[in-house]
1. Roughly how tilted is helix 134-154, in degrees to the nearest 10 and between 0 and 90, from the longest Cα axis of the chain?
2. Given R₀ = 51 Å, FRET efficiency for THR228-THR119 by Cβ-Cβ distance, to 0.05?
3. The range 208-313: which trypsin sites (Lys or Arg not before Pro) are DSSP loop and have at most 16 other beta-carbon atoms within 10 angstrom?
4. What residues have an amide H closer than 5 Å to that of ILE62, excluding those fewer than 5 places away on the same chain, when H is modeled at 1.01 Å from N in the peptide plane?
5. At what distance in nm do the modelled label points of SER48 and ASN199 sit from each other, each positioned 7 Å from its Cα along Cα→Cβ?
6. Where in the range 291-315 does the label zone of GLU135 land, with the point 7 angstrom along Cα→C-beta and an amide N cut-off under 13 Å?
7. Could you give the longest part of the chain that holds none of the GluC sites (Glu not before Pro) found in DSSP loops with at most 14 neighbouring Cβ atoms within 10 Å?
8. Along the three principal axes, how long is the range 136-244 when you take its alpha carbons, biggest first, rounded to the nearest angstrom?
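Only the coordinates and a few stated rules stand behind these numbers; no lab work does. These figures come from a predicted structure and were not determined experimentally. Here the Cβ positions follow ideal geometry from the backbone for every residue, glycine too, while neighbour counts run over all protein chains shown.
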Amino acid sequence: MHIRRLVKSGEASHTVSLPKQWIDENKLAKGDLIYIAETDDNELIVTSKPKENNKEIREITITVDNKEMPTVQREITSAYINNYNTINIIGKELHKSAKDIRRILHDFVALEIAEQTSTKIVANDLLNVADLSIEKTIRRMDMIVRSILQDSISALDGQDLHESIVFRDYDVNRQYFLVYRIIKSALKDRNISKSFNINAVQAHALWYLAVNLENLADHSKNISEILTNNKMSKHDEIKDIYKKMESAYLDVMKAYFNKDIALADSINTFRREFSDELDIFFKNNNKVEIAQIVTNLKDMSTLISNISRIVMDYD
């Protein structure tokens, strides 16, 4: 860190000297221009070059040869989150996995296939992060999670809604990756973070919220699958316990949207009480499928508790 004293140099201006090492490294001399940008944190950024206004065009090529599909999926996910405008997916045997790759690409908002051959798929990103809203995306995730919880509970009345739940879980995943991408862009670009009116700490809280919402959807989907595979229905005790979980979720999201710290604090004690109730229930119903449901419900109570902490700790 360099420390300089502010010197008055006229009726309405002040000057400050710049470090010689920085001058030399940037090959500057008397009369050269420097550029000063003001941030939303009342900081000044001094640079030797003007910031380019044009959006950077980024392109990446992913090879599928000799790779398992989970590896390809992770690479595509990374490219999307890191704001690549064009993703080229190539391989000699690409045609064998083209269907799976198209499904993966469908998991991401505004990623469209522009070209496809037997050896190449080109996906273009049509998204402008600056035009998005984190709040609206979080609210959309919340609404989908609510519907998944409702239908997963309805499965205990004999309704077969698992396939519909799976499709909505995919939609939650899409919204999660979108939130992750927005936040990563905001952390890298002060102008984007300023447009969203969030700082780094708030960005982390929003990302963690999205993680917990995405995991809640997964666990609810898992319970639906367990009920379907084991042909379980009309189980009133499970339904009552599950509805307590749903009620806690609705309350914690109400606390989040209303910034109600007192309500969030009351929900934070839910996990311990709910876990004890689940232990008693499992002791009286010692079956494999019941154990699987209990495990998922316990994990969901932890996720709800995590969201309550986000509300309480949000700054």
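1. With both axes taken from Cα atoms, the answer is about 10 degrees.
2. 0.85
3. Counting only loop positions with at most 16 other Cβ atoms within 10 Å, the trypsin sites (Lys or Arg not before Pro) in the range 208-313 are LYS231, LYS234, LYS259, LYS287.
4. Correct list: ASN88, ILE89, ILE90.
5. Rounded to a tenth, the inter-label distance reads 3.2 nm.
6. No residue qualifies, since no backbone N sits under 13 Å from the label point.
7. Free of exposed loop sites, the longest segment is 94-315.
8. Answer, in whole Å and largest first: 54, 24, 17 Å.
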